[in-house]
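I have placed the structure first, in the form of structure tokens, so that the comments after it can refer back to it.
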Amino acid sequence: MSPITHTPSASVERRSLRPIAMGPIDMVLILAGFLFMYVPTYIELDRTVWNIVGQGHGPIMLALSLWLAWLRWPALAKLPANSAPVPAAIAIILALGMHIIGRSQDILFIDVSSQIAMLAGILLLYWGWAGLKLMWFPLFFMIFLIPLPGIIVASLTGPLKAGVSYVAEAIMYAAGYPIGRSGVTLTIGPYQLLVADACAGLNSIFALEAIGVFYMSVVGHTARWRNIALAILIIPISFVSNVIRVIVLVLVTFYLGDEAGQGFIHDFAGILLFMVATVLTIATDSILGLFDKKAPTGGSTPGTKLA
């Protein structure tokens with residue numbers, strides 16, 4: 001009689017531990033809940049942070065994050081349901097706590113960060129660690145959406161601007177231009193130019209780092225050392241790109257006047273910054289490729305080999 005008594009309970013226990021599969025209703029409810037939580041956050045970002053000169057890269061980072069996730073969605077949908085309930089619960093509770101604190105205290109840094117934990121919790125709930133491993137890069141890339149705390153920006157932007165100003169002045173002086181420097185103010189001929197945060201601040205370095213990381217994902221090198229080396233070299237590449245931008249603006253002002261330096265060409269210099277950084281990144285990667293015997297994968301799903 002004992003086998004008959006215990007078999008149903010064991011079957012019930014097995015059914016209760018069955019992984020959760022995401023159906024269409026689950027997807028709609030999760031999407032609605034996520035939009036309800038974070039649409040106000042993005043509205044606030046657009047109203048405040050993304051309207052600041054030098055931080056307009058936010059929407060681009062959002063679009064790239066969505067694109068990276070979309071590329072991996074077919075592979076994620078094919079994964080079998082394999083829930084990791086305890087880590088998922090921890091991540092979701094942590095995300096809810098961060099969201100409540102960030103929203104109530106108007107701390108965008110915490111509020112925006114909470115969505116990464118929330119998405120990680122959802123992946124763990126429906127697909128377990130395999131789902132999180134598959135989608136780790138889009139989640140990682142969302143770090144570039146997070147507005148940096150003001151205290152960090154203020155403490156690091158000053159030295160960066162000073163360094164960019166010093167190098168730009170040294171290069172132009174060596175080229176024979178009548179240029180001088182006082183702090184982060186450059187004087188050339190009758191003109192004085194202040195190297196602003198947008199021209200050489202931490203936020204521009206942060207944006208250029210994001211573009212470099214995205215490039216690494218697209219090319220998908222299999223050599224780990226090459227990815228690490230390129231990620232490290234992106235930082236000096238960003239610095240050099242900012243120096244070139246400042247030099248271009250100084251030359252435009254010197255030859256064409258202050259109105260030209262502060263008008264359309266000033267805005268175009270921001271585009272030039274990303275163009276120069278991209279070219280330098282590709283050139284640096286090509287040099288690293290001379291020491292890499294393995295060719296890049298160039299697969300249909302960018303970034304799957306970046307691990």
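Observations on the model:
- Failed criterion for I122 (all others in (1) crowded, with 20+ Cβ neighbours inside 10 Å; (2) of a type in the set (V, I, T); (3) over 16 Å from I30 (Cβ atoms) hold): (3)
Yes/no per residue for (1) of a type in the set (F, W, Y); (2) in contact with an Asp or Glu (Cβ under 9 Å, 6 or more places away or on another chain); (3) surrounded by 18 or more Cβ atoms within 10 Å (Cβ to Cβ); (4) modelled with pLDDT under 90:
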site: P3; (1), (2), (3), (4): no, no, no, yes
site: I43; (1), (2), (3), (4): no, no, no, no
site: W73; (1), (2), (3), (4): yes, no, no, no
site: V86; (1), (2), (3), (4): no, no, no, no
site: L96; (1), (2), (3), (4): no, no, no, no
site: S104; (1), (2), (3), (4): no, no, no, no
site: A117; (1), (2), (3), (4): no, no, yes, no
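- Residue match in the range 111-134 (condition: under 30 Å from D258 (Cα atoms) and not hydroxyl-bearing (S, T, Y)): no
- From the list F214, F140, the lone residue that is part of a helix (DSSP H, G or I) and crowded, with 18+ Cβ neighbours inside 10 Å is F214.
- When the range 233-253 is filtered for residues that are farther than 15 Å from I171 by Cα and in contact (Cβ under 8 Å) with a residue 40 or more places away in the chain, the ones remaining, listed by number, are L233, I234, I237, T253.
- When the range 150-178 is limited to residues that are without any contact (Cβ under 8 Å) to a residue 24 or more places away in the chain and not in a helix (DSSP H, G or I), the one that is surrounded by the fewest Cβ atoms within 10 Å (Cβ to Cβ) turns out to be G176.
- Matching residues in the range 66-91 - criterion: being assigned to a helix (DSSP H, G or I), of a type in the set (A, V, I, L, M) and either more than 14 Å from G121 (Cα to Cα) or touching a Gly at 6+ places or on another chain (Cβ under 7 Å) (or both): L66, L68, A69, L71, A75, L76, A77, A88, A91
The values are calculated or read from the model by the stated rules, or taken from the named source; none is laboratory data. All of these numbers come straight from a predicted model, not from anything done at the bench. Cβ atoms come from the backbone with ideal geometry, glycine included; neighbour counts cover every protein chain shown.
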